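S.K.: Take a look at this one; I'll ask things after.
The values are calculated or read from the model by the stated rules, or taken from the named source; none is laboratory data. Everything quoted here is computed from the prediction, not taken from an experiment. Ideal geometry is used to build each Cβ from the backbone, glycine not excepted, and the neighbour counts take in all protein chains shown.
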Amino acid sequence: MISPMFSHLLIPFIVGMFLAMNMGGSGTSPSFSVAYGSNIIRRFAIPGLFGIFVFIGAIVAGKKTALTMGKGIMPADEITLTIATIVLISIAISLLIANLIGVPQSTSQSAVFALSGPALYFNMFNSHKVFYEIMPVWFVLPVISFVLMYCIGKYLYPLLRRVAVIKFADVTNHPVLRMLVIISACYVSFAIGSNNVANASGPIASMVMNELNINPDMENKFVLIMILSTLIIAPCFAIGSSIFGRKIIETTGKGIVDIGPLEATIISIVTATLLLLASITKGIPTSLVQLNTLAIIGLGISKMGWKKIIVNKTIRKFWIVWLAAPILSLILSFSLCYLADNLGILYY
């Protein structure tokens, strides 16, 4: 029989698992859309590979980002069971809407804004962390991703074609290069694990420590509880990839520009490396979705020109959802805090 304590904790964990499923659907796009778009991997093989490497990335390189999400935006001792549930529900709803529309959404941005709701409500918002550390990275890294892929598409590819280093038409049939593309997709999944799993495991770890009356400042115990939370949360990424991934991967993999396997590999390496740097250096929750999409846009502009890409209906839909979803998370979490406070359950 489940003890009252653990049955009490089931609610936020169930919500966290639902959130992880939505994050898995959204995260499938930046990890495997380029491999799928270049017809190198079958869709049914994606969820398993994706889930395995997300889990490994979370365990190996997810500590700093989990600390940021667990105690960097608002004090950890304020993340009660009710607050954690509100935050996770707010993220999950915004991501679910984006997934149903078929647009890969930034889980990190929705998570940061969802945590900002109760932080603002309690007047404990860490504005320096959000405005001077997290948000600048959201703008700088996508620009770097875009510029790198634009320059590679504009200057490197023509050089390779002139010197005939590789026959581009035959790349898809080359077994070594095909394997390299799949490895790069797994590398991206690892990077997602290092960053995005913390969007759920970070708040849950703080909530569990408060429920068990453990000082949130005890970092070693926080990391241990975060790892235990990850064991539950990370596998749900694979489930979400299987349920939500198809529509999103079609949109990004084949909706902006035709991508060859060589481009796929370079995009994966560039974007995953940028995300890993954000994770292991400063623990900044960052949008791999936007890094990946801006890289694809940069490549598309280098190949097709500005006009054809900028007026692309898929890209316009991306901008709208990217702006609306985090704001929705903020409004939802703040409103639910207000409602819970009036019902007298905010501190449960």
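S.K.: If only one of Leu156, Leu177 is under 23 Å from Ala272 (Cα atoms), touching a Leu at 6+ places or on another chain (Cβ under 8 Å) and either modelled with pLDDT under 85 or outside any helix (DSSP H, G or I) (or both), which one is it?
M.R.: Exactly one of Leu156, Leu177 is under 23 Å from Ala272 (Cα atoms), touching a Leu at 6+ places or on another chain (Cβ under 8 Å) and either modelled with pLDDT under 85 or outside any helix (DSSP H, G or I) (or both), namely Leu177.
S.K.: Considering Phe113, Phe55, which residue is touching a Pro at 6+ places or on another chain (Cβ under 9 Å), surrounded by 15 or more Cβ atoms within 10 Å (Cβ to Cβ), touching a residue at least 40 places away in the same chain (Cβ under 8 Å) and within 24 Å of Val270 (Cβ to Cβ)?
M.R.: After applying the criteria, what remains is Phe55.
S.K.: Do we find that Ile345 is modelled with pLDDT of 75 or more, in a helix (DSSP H, G or I) and among the hydrophobic types (A, V, I, L, M, F, W, C) in this structure?
M.R.: So Ile345 does not fit the description; no.
S.K.: Out of Ile46, Ile41, which single residue is at pLDDT 75 or above and under 19 Å from the mean Cα position of the chain (by Cα)?
M.R.: Ile46
S.K.: Is it the case, given these coordinates, that Ser90 is modelled with pLDDT under 90, part of a helix (DSSP H, G or I) and closer than 19 Å to Leu339 by Cα?
M.R.: It is false that Ser90 is modelled with pLDDT under 90, part of a helix (DSSP H, G or I) and closer than 19 Å to Leu339 by Cα.
S.K.: While we're looking at this one, here's another question. Based on what the data block shows, is Phe190 among the aromatic types (Phe, Trp, Tyr), farther than 24 Å from Ile11 by Cα and at pLDDT 80 or above?
M.R.: So Phe190 passes the test.
S.K.: Still on this structure: In the list Ile79, Ile91, Ile83, Ile101, which residue meets the criterion of being in contact with a helix residue (DSSP H, G or I) (Cβ under 7 Å, 6 or more places away or on another chain) and either surrounded by fewer than 24 Cβ atoms within 10 Å (Cβ to Cβ) or without any contact (Cβ under 8 Å) to a residue 40 or more places away in the chain (or both)?
M.R.: Ile101
S.K.: Looking only at region 191-228, count every residue that is assigned to a helix (DSSP H, G or I), buried (at least 24 other Cβ atoms within 10 Å of the Cβ) and under 19 Å from the mean Cα position of the chain (by Cα) and tell me the total.
M.R.: So the count comes out to 14.
S.K.: Which one of these does Lys282 not meet: (1) surrounded by fewer than 17 Cβ atoms within 10 Å (Cβ to Cβ); (2) modelled with pLDDT under 70; (3) touching a Lys or Arg at 6+ places or on another chain (Cβ under 8 Å); (4) not aliphatic (A, V, I, L, M)?
M.R.: (2)
S.K.: Of the conditions (1) closer than 25 Å to Ala76 by Cβ; (2) among the polar types (S, T, N, Q); (3) modelled with pLDDT of 85 or more, Thr271 fails just one. Which one is it?
M.R.: (1)
S.K.: Next up: I'm trying to understand the selection: among the residues of region 117-153, which are in a helix (DSSP H, G or I), over 21 Å from the mean Cα position of the chain (by Cα), within 24 Å of Ser90 (Cβ to Cβ) and aliphatic (A, V, I, L, M)?
M.R.: Passing the criteria: Ala119, Leu120.
S.K.: Right, something else. Looking at the structure I just gave you, is Ile327 under 13 Å from Phe32 (Cα atoms), out of contact with any strand residue (DSSP E or B) (no Cβ under 9 Å at 6 or more places or on another chain), surrounded by fewer than 24 Cβ atoms within 10 Å (Cβ to Cβ) and at pLDDT 75 or above?
M.R.: So Ile327 fails the test.
S.K.: On to the next question. Looking at Leu277, Leu294, which is the one that is at pLDDT 85 or above, touching a Phe, Trp or Tyr at 6+ places or on another chain (Cβ under 6 Å) and more than 14 Å from Ser189 (Cβ to Cβ)?
M.R.: Leu294
S.K.: Another question about this same structure. Restricting attention to region 1-31, which residues are at pLDDT below 80 and either in contact with a Pro (Cβ under 8 Å, 6 or more places away or on another chain) or closer than 27 Å to Thr273 by Cβ (or both)?
M.R.: Once the filter is applied, which keeps residues that are at pLDDT below 80 and either in contact with a Pro (Cβ under 8 Å, 6 or more places away or on another chain) or closer than 27 Å to Thr273 by Cβ (or both), region 1-31 yields Asn22, Gly25, Ser26, Gly27, Thr28, Ser29, Pro30, Ser31.
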